[in-house]
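Student: This is the structure, below, for whatever I ask next.
Values quoted throughout were computed directly from the atomic coordinates according to the rules given, and no laboratory measurement underlies them. Model, not experiment: these values are computed from the prediction. Cβ placement follows ideal geometry from the backbone for every residue including glycine, while neighbour counts extend to all protein chains displayed.
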Amino acid sequence: MQLTETKLKGCFLIEPTVFEDKRGYFLESYNQKTFNDLIGCEVDFVQDNESYSSKGVLRGLHFQKGEFAQAKLVRVIKGKVLDVALDLRKDSPTFGEHYSVELSEENKKQLFVPRGFAHGFVVLSETALFAYKCDNFYNKNSEGGVIYNDKILNINWQLNPDELIISEKDLKLPTLENLDL
């Protein structure tokens, strides 16, 4: 497993070791000891989530506030997405900056998004099966988000705006400037 810290401190790109032969492939997608040793802190994942989406579906940018803040380990099982992490830690030198990466069934990369970040993705393939681990349980009253097309963030979602499929709820999210943290 290879670990690379992104420009956002504490946010890591993870490339698993893949063993391939004529039968297919094998990889260890998660090992708690190896993972914690690599990132240098203890993360205890308590919930696994999965979503299936069509091309153009944009989910995000979401986060959980306060005691229900969540770190996530995200990956794509089938298809390809553009995954985005946004630093919302007010004391961070990279507050308001984002990191984006393509995650796919081909590259098998994963992204660790620490607490204090918003997260989202858009499906670039015809469909995508997206899976992620969370280190805290979901709490509806602690939901937060930032609008995907905030001009200050200037995120390149790699698709034309008319190709995007976004929930009504996500279309009503505030800009970073109007966010109540």
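Student: Any residue at all in the stretch 148-166 that's crowded, with 16+ Cβ neighbours inside 10 Å, in a strand (DSSP E or B) and in contact with a Leu (Cβ under 7 Å, 6 or more places away or on another chain)?
Tutor: no
Student: Test Glu143 against the criterion of being touching a residue at least 12 places away in the same chain (Cβ under 8 Å), surrounded by fewer than 16 Cβ atoms within 10 Å (Cβ to Cβ) and in contact with a His (Cβ under 9 Å, 6 or more places away or on another chain), and give yes or no.
Tutor: yes
Student: Looking for something of a type in the set (Val, Ile, Thr), part of a strand (DSSP E or B), touching a Gly at 6+ places or on another chain (Cβ under 8 Å) and closer than 30 Å to Tyr25 by Cα - is there at least one such residue anywhere in the stretch 114-123?
Tutor: yes
The rows are residues; the columns are (1) in contact with a Phe, Trp or Tyr (Cβ under 7 Å, 6 or more places away or on another chain); (2) assigned to a loop (DSSP other than H, G, I, E, B); (3) not charged (D, E, K, R).
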{"residue": "Gly10", "(1), (2), (3)": "no, yes, yes"}
{"residue": "Leu38", "(1), (2), (3)": "no, no, yes"}
{"residue": "Asp48", "(1), (2), (3)": "no, no, no"}
{"residue": "Ile77", "(1), (2), (3)": "no, no, yes"}
{"residue": "Leu82", "(1), (2), (3)": "yes, no, yes"}
